[in-house]
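The values are calculated or read from the model by the stated rules, or taken from the named source; none is laboratory data. Since the model is a prediction, treat every value here as computed from it, not as a measurement. Every residue, glycine as well, gets a Cβ built from its backbone with ideal geometry; the counts of neighbours run over all protein chains shown. Note: accessible area is taken over every heavy atom of the protein model, side chains too, but ligands, DNA and RNA are not part of it. Shrake-Rupley method; radii C 1.70, N 1.55, O 1.52, S 1.80 Å.
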Amino acid sequence: MATPALGQDPDFDADVIVVGGGNAAFTAAHAAAMRGRKVLLLEKAPRDQFGGNSYYTAGATRIAHDGLDDLSDLIESDPRHPVTTVPPYSEAEYAADIAKVTEGRNDEAMTKVLVTEAADGLRWLKSLGLKYRLMYERQAYAREDGSYLFWGGLHVGNVGGGEGLMQDHLVVAEKLGTEVRFGQDVCGLLVDGTGAVVGVEVRANDGTVTEVRAESVILAAGGFESNARWRQEYLGDGWQNAIVRGTPFNNGEMIQAALEVGAARGGDWGSCHSVQWDANHAENESNRELTNRLTRQSYPLGIIVNNRGERFLDEGADFRNLTYAKYGKVILQQPDSIAYQVFDATLRPKLRAEEYEMPGISEVVADSVEELAEKLGVDASALSKTVEEFNSSIDTTIPYDPNVLDGRSANVVPPKSNWAMPLATAPFYAYPVTCGITFTFGGLKGNIDGQVLNEAGETLPGLFVCGEMFGGLFSGNYPGGSGLAAGVVFGRRAGSLA
Ligand SMILES: Cc1cc2nc3c(=O)[nH]c(=O)nc-3n(C[C@H](O)[C@H](O)[C@H](O)COP(=O)(O)OP(=O)(O)OC[C@H]3O[C@@H](n4cnc5c(N)ncnc54)[C@H](O)[C@@H]3O)c2cc1C
């Protein structure tokens, strides 16, 4: 029997409509369905492209915990566990990391909720059927004695990465009786005479608009990173040229719809999460096959130069999780918005395999720094000077250890504060990178239960927000793994109330 058209199904009178089809949307849907609410989830993407940015992730999720023993009920077992150390990561450290990277511009109340509820949120999702593991390949370097030491506060991820996460979410939603509809372009909100939100408008391919009603609407439709015009308007000139790492469907349309019914803007509309991204791969935008493999995150081991052959940032300023999300912007600001990560033969085997062994990777290899420069079209004497000055400025009395902030610095301008190793052994490798935008930090204003607020700070009855669309947690930078964690925590809260 054909599925009845939206709004015309007498047997499906939804209590709660969830708009979006990523991690936050599904989490909210599960929480509402667990309370016996009839949930209708409307995802804009067709089924074969569903899952939003969440699908493109590595599934890395930042939670507070007390070390490996504490995590044992959450993660899948692994033969490496007996030789693994996972340093505890407290709620206070989590909150301090958010405050540090945002330079104190984070919403304190939201931060407190996030850091105290993220671990419990994952355990709850696990009880529903999601699966988690320790991320050896991303967050620990194997030591010579065969042991592993995790670093950076980000240790847990979904089995199967973002793809596994979203497939698991879909199975849970079906099990809980949520009606999931794909290819639904929600374009507006319905408001009654009292100002309460009572449903949504959905636009069909032929342009006709259908009204679908429910008691509550939860918005989980992402940021506006896929909208080049909004990027230019709100993030600044040049951002229209950034490459979209994830879904092409997050264009801010539902943010606009909420503003039109009186919602207030929340968070920092002038900044976003952006990273170093393969500059020359022919299909480096919204690529569902390669997803996160197009990112280039082993830069703390080497150096980064622009097309003048000059370094321009501190590659070792902090653990990668705490710097990577702000360095895309710095690359965007370089001449031609391009830069090159440079390594030598000693460093090359330490690069993250899933990214640097990517099929079709943009890679340049040469037997000397001069030859590398020529192949890149960079001034050879400038690049040689940069490498020589860097090599000769390293404090080699300090032992090198990529698992800790080792303080082994290169005292040049700008400095490299940790993990400085001379680039001295041929062959030399360069990876061209440009700016890949991940998600925008600005969205709607809400309270800690995800109830949407107006400019006066009053709730808009019937309207909730979660995920990327909920502004306030991040600004300028972001600690890796907190996007999925935020979707879990605030999605669960919204779904528990809607
Ligand atoms: C390549 C990449 C790697 C990442 N890696 C990580 C990681 O490992 N860990 C981490 O924490 N974060 C990571 N992030 C960030 C993370 O993806 C986001 O923080 C998180 O997934 C946001 O979840 P969300 O549900 O709010 O949004 P999304 O997952 O983007 O979902 C938004 C949904 O809304 C739908 N939608 C949009 N407009 C409409 C509309 N008008 N009508 C109906 N539906 C609509 C979209 O189709 C989409 O399904 C990564 C992002 C990318 C792009």
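Laid out as a table, the results:
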read-out	value
Checking Arg320 against (1) buried (at least 20 other Cβ atoms within 10 Å of the Cβ); (2) modelled with pLDDT of 95 or more, the condition it does not meet	(2)
Members of region 44-65 found to be in contact (Cβ under 8 Å) with a residue 60 or more places away in the chain, of a type in the set (A, V, I, L, M) and either more than 6 Å from the ligand (Cβ to nearest atom) or in contact with a Leu (Cβ under 6 Å, 6 or more places away or on another chain) (or both), listed by number	Ala60, Ile63
Residue match in region 31-43 (condition: under 18 Å from Ala119 (Cα atoms) and either open to solvent by 20 Å² or more (accessible area, probe 1.4 Å) or within 15 Å of the ligand (Cβ to nearest atom) (or both))	yes
Thr178, sole failed condition from (1) touching a Gly at 6+ places or on another chain (Cβ under 7 Å); (2) open to solvent by less than 20 Å² (accessible area, probe 1.4 Å); (3) more than 9 Å from the ligand (Cβ to nearest atom)	(1)
Filter result for Met135 (more than 29 Å from Gly36 (Cα to Cα), of a type in the set (A, V, I, L, M) and near the ligand (Cβ under 10 Å from one of its atoms))	yes
Residues that are open to solvent by 30 Å² or more (accessible area, probe 1.4 Å), assigned to a helix (DSSP H, G or I) and over 18 Å from Thr84 (Cβ atoms), drawn from region 44-71	Arg47, Asp48, Gln49
Positions within region 86-95 being more than 19 Å from the chain's Cα centre (by Cα) and either of a type outside the set (Ser, Thr, Tyr) or within 16 Å of Gly471 (Cα to Cα) (or both), in sequence order	Val86, Pro87, Pro88, Glu91, Ala92, Glu93
Residue count for region 236-264, restricted to those that are away from the ligand (no atom under 11 Å from the Cβ), farther than 19 Å from Lys445 by Cβ and either polar (S, T, N, Q) or open to solvent by 10 Å² or more (accessible area, probe 1.4 Å) (or both)	6
Failed criterion for Pro359 (all others in (1) more than 29 Å from the chain's Cα centre (by Cα); (2) at negative phi; (3) open to solvent by 30 Å² or more (accessible area, probe 1.4 Å) hold)	(1)
Gly270 vs. criteria closer than 26 Å to Lys445 by Cβ, part of a loop (DSSP other than H, G, I, E, B), in contact with a strand residue (DSSP E or B) (Cβ under 9 Å, 6 or more places away or on another chain) and within 15 Å of the ligand (Cβ to nearest atom)	no
Verdict on Arg203 being closer than 22 Å to Lys44 by Cβ and in contact (Cβ under 8 Å) with a residue 40 or more places away in the chain	no
For Val202: the one exception among (1) over 14 Å from Val261 (Cβ atoms); (2) open to solvent by 40 Å² or more (accessible area, probe 1.4 Å)	(2)
Residues of region 204-244 satisfying the condition of being within 30 Å of Asp449 (Cβ to Cβ), in contact with a Leu (Cβ under 7 Å, 6 or more places away or on another chain) and not hydrophobic (A, V, I, L, M, F, W, C)	Thr210, Glu211, Arg213
Of all residues in region 285-300 being open to solvent by 20 Å² or more (accessible area, probe 1.4 Å) and touching a strand residue (DSSP E or B) at 6+ places or on another chain (Cβ under 8 Å), the one that is farthest from the ligand (Cβ to nearest atom)	Glu285
Of all residues making up region 338-397, the number that are in contact with a Leu (Cβ under 9 Å, 6 or more places away or on another chain) and among the hydroxyl-bearing types (Ser, Thr, Tyr)	2
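Rundown of residues vs (1) closer than 23 Å to Asp401 by Cα; (2) open to solvent by less than 60 Å² (accessible area, probe 1.4 Å), yes/no style:
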site: Ala92; (1), (2): no, no
site: Ala96; (1), (2): no, yes
site: Ala99; (1), (2): no, yes
site: Asp120; (1), (2): no, no
site: Ser127; (1), (2): no, no
site: Leu130; (1), (2): no, yes
site: Ala140; (1), (2): yes, yes
site: Arg143; (1), (2): yes, no
